[in-house]
Amino acid sequence: TQRLLKEMEQRNVELAIINSVQQSLASKLDMQAVYDLVGDKICDLLNAQSVWIITFDPATRTRRVRYSFEDGQRYYTSEVFPYNKLTEHLITTKKPLVINQNFTEAIESFEMVNIAGTQEQVKSIVYIPIMAGEDVNGFISLPNTERENAFSESDVNLLSTFAFAMSIALENIRLFDETRRLFLEAQEARMAAEQAN
């Protein structure tokens, strides 16, 4: 019963967090603002050493850093990286990847690159796919440089919920932008038709 109570408590905390995140996300009309909000919330709630939000571009098979926090500060980069085995793995499995031990072997097998030069000190890392419908279009990543087995199932569940809330917010922005674009095009066409008459 103690374990059950603890799990329910944890779940209630998660739901409260998600509710506040979703309310904040609903007010955002800019994609970068969504990445920033989610990244900052993860840093605060999980007291994360490092947080990365990466998106994929299937057309060019590249990855782009949308949010990066490391060693207590934000980093901004416009650098673009090619797909690697990790990208393909997440796209194929559509499931979180937790590496709680033997990170050095994993970095080789998944062709990960050293971003900001800290990867060699990582002891544990988690990758949470960001879904767009049925497709994976990026991931949230938390490396831990202090210890192995740093990420529990509840951490993964919480991060997955963040990724889900973020994907909904991003899709809403995309639909809003698309609707606005179609509306403006229709207006321009109507004005052109009126001028032609």
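Let me spell out the model: positive unit charges on the Cβ of Lys and Arg, negative unit charges on the Cβ of Asp and Glu, origin at the Cα centre of the stretch 123-162. What dipole size does that give, in debye rounded to 20?
Roughly 160 debye for the stretch 123-162.
What is the sum of charges, Lys and Arg at +1 and Asp and Glu at -1, for the other residues whose Cβ falls under 13 Å from the Cβ of residue 81? Spell out each step's value before the answer.
Details: positive: 61, 63, 64, 66, 85; negative: 57, 79, 111.
Within the 13 Å Cβ shell, the charges total +2.
Residue by residue through the stretch 148-160, which ³J(HN,Hα) values in whole Hz follow from phi under the Karplus form 6.51 cos²θ - 1.76 cosθ + 1.60 (θ = phi - 60°), with glycine and proline marked x?
7, 6, 7, 10, 8, 4, 5, 4, 5, 5, 5, 5, 5
Straight-line reach only, C-alpha to C-alpha below 18 angstrom: list the aspartates and glutamates that residue 123 could link to, leaving out same-chain residues fewer than 8 apart.
70, 71, 105, 108, 111, 146, 148, 153, 155
With every protein chain left in place, what is the accessible area per residue of the stretch 122-187 in square angstrom, probe 1.4 Å?
Result: 50 Å² per residue.
What percentage of the solvent-accessible surface of the stretch 40-125, computed with a 1.4 Å probe over protein heavy atoms, is contributed by carbon and sulfur atoms?
Answer for the stretch 40-125 is 48 percent, counting heavy atoms of protein chains only.
Can you run phi through the Karplus equation (6.51, -1.76, 1.60; θ = phi - 60°) for the stretch 81-89 and list ³J(HN,Hα) in whole Hz, with x for Gly and Pro?
3J(HN,Hα) across the stretch 81-89, in whole Hz: 10, x, 4, 9, 5, 4, 4, 4, 4.
Which aspartates and glutamates, if any, have their Cα less than 13 Å from the Cα of residue 41, not counting same-chain residues under 8 positions apart?
Within the straight-line cut-off, residue 41 pairs with 14.
Check which residues have an amide H placed less than 5 Å from residue 123's amide H, if you skip close sequence neighbours.
Those qualifying (amide H under 5 Å, at least 5 residues apart or on another chain) are 144, 145, 146, 147.
Based on the alpha-carbon gyration tensor of the stretch 55-160 and its eigenvalue square roots a ≥ b ≥ c, which shape applies: rounded if a/c is under 1.5, prolate if not and a/b is larger than b/c, or oblate?
Values: a/c = 1.44, a/b = 1.19, b/c = 1.21.
Taking the square roots of the gyration eigenvalues as a ≥ b ≥ c, the stretch 55-160 is rounded.
Apply 1/(1 + (r/R0)^6) to the Cβ-Cβ distance of residue 102 and residue 64, taking R0 = 22 Å, and write down the FRET efficiency to the nearest 0.05.
Once rounded, the FRET efficiency stands at 0.20.
The values are calculated or read from the model by the stated rules, or taken from the named source; none is laboratory data. Worth saying up front: this structure is predicted, and the values here are computed from it rather than measured. Every residue, glycine as well, gets a Cβ built from its backbone with ideal geometry; the counts of neighbours run over all protein chains shown. Ligands, DNA and RNA are excluded from the accessible area calculation, which covers all protein heavy atoms including side chains. Shrake-Rupley method; radii C 1.70, N 1.55, O 1.52, S 1.80 Å.
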